[in-house]
Amino acid sequence: MTGDDWAEPAWRAVLEQIEARSGARVLDVGCGAGGFVAYCGRRGMVASGIDPDPDMVRLAVDRERDVRSGGVEKLLWDDATFDLTTAFNALQFAEDTDEALAEMVRVTRPGGHLAVANWAERALNDVDAIERALADGPPGPEGDLRLPGGLRGLLEDGGLTEVHEGLVDVPWEFADDESLVTWIVGDGAPEDAVEVLAAVRPYRQKAGGYRLINRFRYAVGRRSPAVGR
């Protein structure tokens with residue numbers, strides 16, 4: 001795992017599911033520093049992105065990509081612009097996920113695809129040990145979108161057809177203590193680093209370093225090609 005490409009297994013699963021081709025127009029919602037936008041560009045697709053964090057947008061724009069500042073509630077493109085619209089670990093943060101999904105559908109062409117992916121339930125993610133170590137209290141309830149059938153139901157309720165839901169491994173690998181602490185804690189408090197290293201001790205490899213197995217759920221659906229949809 002390096003940089004912002006840690007979600008690449010989920011990116012790859014989505015593109016394989018829809019058999020994405022060179023020249024396809026793609027929009028990534030909540031694109032962060034533009035990792036998926038760049039990934040699509042390397043595969044010959046015409047990719048754009050949008051994110052509400054100005055700092056992330058600046059990083060993405062430095063890659064000479066079409067990345068704009070804004071939220072999922074108001075996407076800055078015309079109707080039916082994209083062949084594929086995606087949201088990786090982003091849609092669940094919208095104030096109203098149904099309205100956000102409708103906006104994603106709006107910018108997707110009839111017959112095009114829409115994909116949403118996010119963390120699966122805590123029991124399937126080793127990173128939960130780190131989250132518990134850094135949390136101020138007990139974890140809150142898990143959102144429906146993390147559970148089996150949650151993303152499928154969201155897309156089907158939003159009018160998408162041919163919905164496929166899947167589960168994909170998203171492993172985190174670190175060569176040593178320093179790289180793990182830098183990735184997780186950054187410039188955080190020293191005591192956080194101590195707690196993180198204690199939490200990940202069960203995931204230390206015999207040869208050194210760490211490997212945490214995490215999983216994303218994803219769902220891909222097609223916008224109805226019918227007129228008026």
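The values are calculated or read from the model by the stated rules, or taken from the named source; none is laboratory data. Predicted model only: the values in this text are computed from it and were never measured. Using ideal geometry, Cβ is built from the backbone for each residue, glycine included, and neighbour counts are taken over all protein chains shown. Note: accessible area is taken over every heavy atom of the protein model, side chains too, but ligands, DNA and RNA are not part of it. Shrake-Rupley method; radii C 1.70, N 1.55, O 1.52, S 1.80 Å.
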Subject >> Cβ-placed point charges (K, R +1; D, E -1), dipole of the chain about Cα centre in debye, nearest 20 >> reply: 960 debye
Original post:
Which whole-number percentage describes the relative contact order of the stretch 11-156, with Cα contacts under 8 Å and a sequence gap of 6 or more?
Top reply: 19 percent
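Let me know the whole percent of all Cα-Cα pairs from the stretch 115-215 that are separated by more than 18 Å.
56 percent
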Subject >> Positive-end residue, the stretch 89-151 charge dipole about Cα centroid, Cβ charges, pick of L145, V105, F93 >> reply: V105
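For the chain, what is the calculated [θ] at 222 nm in deg cm²/dmol (nearest 500), taking -39500 (n - 2.57) for each run of four or more DSSP H residues and dividing by its residue count?
On the way: 8 runs with 70 residues, N = 229.
Using -39500 (n - 2.57) per qualifying helix, the result is -8500 deg cm²/dmol.
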Original post:
If you project the alpha carbons of the chain onto their three principal axes, what span does each projection cover, largest first, in Å?
Top reply: 57, 37, 31
Original post:
Taking the highest mean first, how do the peptides 146-154, 161-169 order by number of other beta carbon atoms within 10 angstrom per residue?
Top reply: 146-154, 161-169
**OP:** Positive end of the charge dipole of the stretch 1-76 (Lys, Arg +1 and Asp, Glu -1 on Cβ, about the Cα centre): tell me which of V67, G32, A10 has its Cα farthest that way.
**Re:** V67
Subject >> Percent carbon-and-sulfur accessible area, the chain, ignoring ligands, DNA and RNA, probe 1.4 Å >> reply: 48 percent
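Can you quote the Å³ per residue value for the convex hull of the Cα atoms in the stretch 17-122, rounded to an integer?
Spread over its residues, the Cα hull of the stretch 17-122 gives 107 Å³ apiece.
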Original post:
Per residue, how much accessible area does the chain show when a 1.4 Å probe rolls over the protein heavy atoms, in square angstrom?
Top reply: 50 Å²
